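The values are calculated or read from the model by the stated rules, or taken from the named source; none is laboratory data. Quick caveat, the model's predicted, so the values are computed rather than measured. Using ideal geometry, Cβ is built from the backbone for each residue, glycine included, and neighbour counts are taken over all protein chains shown.
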Amino acid sequence: MQAILALEDGTIFTGKPFGARTTKWGEVVFNTGMTGYQEILTDPSYCGQIVVMTYPLIGNYGINREDFEAHKSFVRGFVVREDCDLPSNWRASYKIGDFLAREGVPGIAGIDTRALTRHLRNYGTMRGVISTVGGDVAELVEQAKNCPQLTGQQLVPEVATTGTFTIPGSGKRVVLVDLGSKRNIIRSLQERGCEIVVVPPHSTAEEILAHNPDGILLSNGPGDPVDVPETIATVRQLLGKKPLFGICLGHQVLALALGAKTYKMKFGHRGANHPVKDLATGRVYITSHNHGFSVDESSMAGCGLMVTHINLNDNTVEGMRHASLPVFSVQYHPEAAPGPHDSTYIFDQFLQMMNGEV
């Protein structure tokens, strides 16, 4: 049986099914990473999306038990040129197809992912339906046309914690507002000795401050930042009371809380090789990305925000800092996983801010 990927504009791709035998819909996006497919598959920020890998061979080192970024996969579908059914790595526990089947994620292999990626670059990300159980092509296209847009979906509650828990540490106490946090954010804080109190996204300012934190970190997560108005309102109440640091969706939430605006990008940034320039030092870092929305630089005027980092591919905002409040954020992923570790210094800056040094 053939697998089918149907896009809302009527474009059809057919290939070999692997993973779960089912039909799912979502926003079709592409990731340019050459490695790191396990971390991508378990990154909560991909909730609601069908992910296309541009690197042609996927699954060659299998799936291991250590490199998960969440307890499960939240992607809606997975698209590759070649699915390697014979992984070779001493850490591998099972095949990628077996993992997708366990997680209920349909996969399609054997299609021209380069052509699909060029299509998405030319026309932008779009809704799609992936089916590994066959079906009428025209009906699948209609489903793609009628499925919800990414904006308006309540995706953060699907991936975030519903309760509060503490990860012990001997250093600074950080409240991590979980919007869909990757595990490597927690690991990066642990490496710096932090005690971490993880709280749900609906936590109030009073509940967060009751933990007496030295700093507050707003995590990454899926979807449109305007779809978490409660968190935005809470962050607005926290401004100036404790040092605030945002990553990815957390960065966008901070911008909205301060009065700036965000917008949906044509096809977003997803990969592990994006050049970002630190405007303070002039140094360029190769960074890991996963976002389809960005902060509108023109809307930052009058909000007290200054751009600190820019993307050298398209000059979009990649970092910001408040002129007077202890607030800063980055759009990219300093914790990597997958990707280079060039930007781990951002976590050190957060510690310095909590120490009152910057």
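Structure summary
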| quantity | calculated |
| --- | --- |
| Qualifying positions in segment 96-136 - assigned to a loop (DSSP other than H, G, I, E, B), of a type outside the set (Asp, Glu) and surrounded by fewer than 19 Cβ atoms within 10 Å (Cβ to Cβ) | Gly104, Gly110, Gly124, Val133, Gly134, Gly135 |
| Which listed residue is within 26 Å of Val156 (Cα to Cα) and assigned to a loop (DSSP other than H, G, I, E, B), from Gly33, Gly26 | Gly33 |
| Qualifying residues in segment 150-165 (those that are of a type in the set (S, T, N, Q) and surrounded by 13 or more Cβ atoms within 10 Å (Cβ to Cβ)) - the one farthest from Ala210 (Cα to Cα) | Thr151 |
| Selection count where residues are of a type in the set (S, T, N, Q) and in contact with a helix residue (DSSP H, G or I) (Cβ under 7 Å, 6 or more places away or on another chain), scope segment 5-28 | 1 |
| Residue list for segment 263-316, filter: of a type in the set (A, V, I, L, M) and either over 27 Å from Gln49 (Cα atoms) or assigned to a loop (DSSP other than H, G, I, E, B) (or both) | Leu279, Ala280, Val284, Met300, Ala301, Leu305, Met306, Val307, Leu312 |
| Selection within segment 122-135 - over 22 Å from the mean Cα position of the chain (by Cα), over 19 Å from Val75 (Cβ atoms) and at pLDDT 95 or above | Asn122 |
| Odd one out for Arg183 among (1) surrounded by 21 or more Cβ atoms within 10 Å (Cβ to Cβ); (2) more than 23 Å from Gln237 (Cβ to Cβ); (3) assigned by TED's automatic domain parsing to the domain that holds Gly240 | (1) |
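For every residue, the table says whether it meets (1) part of a helix (DSSP H, G or I); (2) charged (D, E, K, R); (3) free of Cβ contacts under 8 Å to residues at least 12 places away in the same chain; (4) touching an Asp or Glu at 6+ places or on another chain (Cβ under 6 Å).
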residue: Val198; (1), (2), (3), (4): no, no, no, yes
residue: His211; (1), (2), (3), (4): no, no, no, no
residue: Val226; (1), (2), (3), (4): yes, no, no, no
residue: Gln237; (1), (2), (3), (4): yes, no, no, no
